[in-house]
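A short worksheet on the structure shown next.
The values are calculated or read from the model by the stated rules, or taken from the named source; none is laboratory data. Being a predicted model, the structure only gives us computed values, none of them experimental. Glycine also receives a Cβ, built like all others from the backbone with ideal geometry; neighbour counts cover every protein chain displayed.
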């Protein structure tokens, strides 16, 4: 039994060393974010994560526990992303804009790169109602759908550090804008009518466009909503002819500049 206790004691010492090392690593992550912000270095560097993992694989090549250790380190890297997010944002990021402006794509990318929770309002409504949005419109009408959007925004006030992809018409109600700003910054993603048309022309899940799929109709609806979008927005990011990384870097840069 003494031998077993000795082994357990050694494991405990390892745990203490791991705790101390991890705390030091997290402090370095905060230093990296501070340096990047101060010197204008891009926050999102996916190539660095790939490079880091490749180096680790080489170091672990001959280790009998390589698979298990790499799994732990991958989790540590993911947790480090959360440290970065906490250093950058203490609030929700509310993405607004016309359908096809890139909200879902940006939300997914930011959620992955910063290990932030990600929510798509339309998907939440579909799950709650048990039917697609087109069917909600057909069965209950647009007013019912807009009420569902408002209720979802009230629920989201309980969350922090979440990227929220909002429905295209969420800005139509003053109460929605107020609720988005309570615990979040509102990011307006824009795109030209031509870009939006190319992105949504093959979709059958856009009730307002299903019978009006044209650049002209999109331009007309965009113009009608323009004032509401601008009223809600804390920052604006145009998504035309940009990579997802370029869009998200611009978004982060503009958000940190107003904080």
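Worth pointing out:
- Matching residues in region 27-46 - criterion: being loosely packed, with under 11 Cβ neighbours inside 10 Å and either touching a strand residue (DSSP E or B) at 6+ places or on another chain (Cβ under 7 Å) or in a loop (DSSP other than H, G, I, E, B) (or both): 40
- Identity of the residue in region 231-249, out of contact with any strand residue (DSSP E or B) (no Cβ under 7 Å at 6 or more places or on another chain), touching a residue at least 24 places away in the same chain (Cβ under 8 Å) and in a helix (DSSP H, G or I), that ends up surrounded by the most Cβ atoms within 10 Å (Cβ to Cβ): 248
- Filter result for residue 163 (outside any helix (DSSP H, G or I), at pLDDT 90 or above and in contact with a helix residue (DSSP H, G or I) (Cβ under 6 Å, 6 or more places away or on another chain)): yes
- Among the conditions (1) surrounded by 17 or more Cβ atoms within 10 Å (Cβ to Cβ); (2) in contact (Cβ under 8 Å) with a residue 60 or more places away in the chain; (3) in a loop (DSSP other than H, G, I, E, B), the only one that residue 197 does not satisfy is (3).
- Selection of region 128-157 for residues being within 12 Å of residue 180 (Cβ to Cβ) and crowded, with 18+ Cβ neighbours inside 10 Å yields 149, 152, 153, 156.
- Residue within region 93-106 that is over 30 Å from residue 199 (Cα atoms), surrounded by 10 or more Cβ atoms within 10 Å (Cβ to Cβ) and either within 23 Å of the chain's Cα centre (by Cα) or modelled with pLDDT under 90 (or both) present: no
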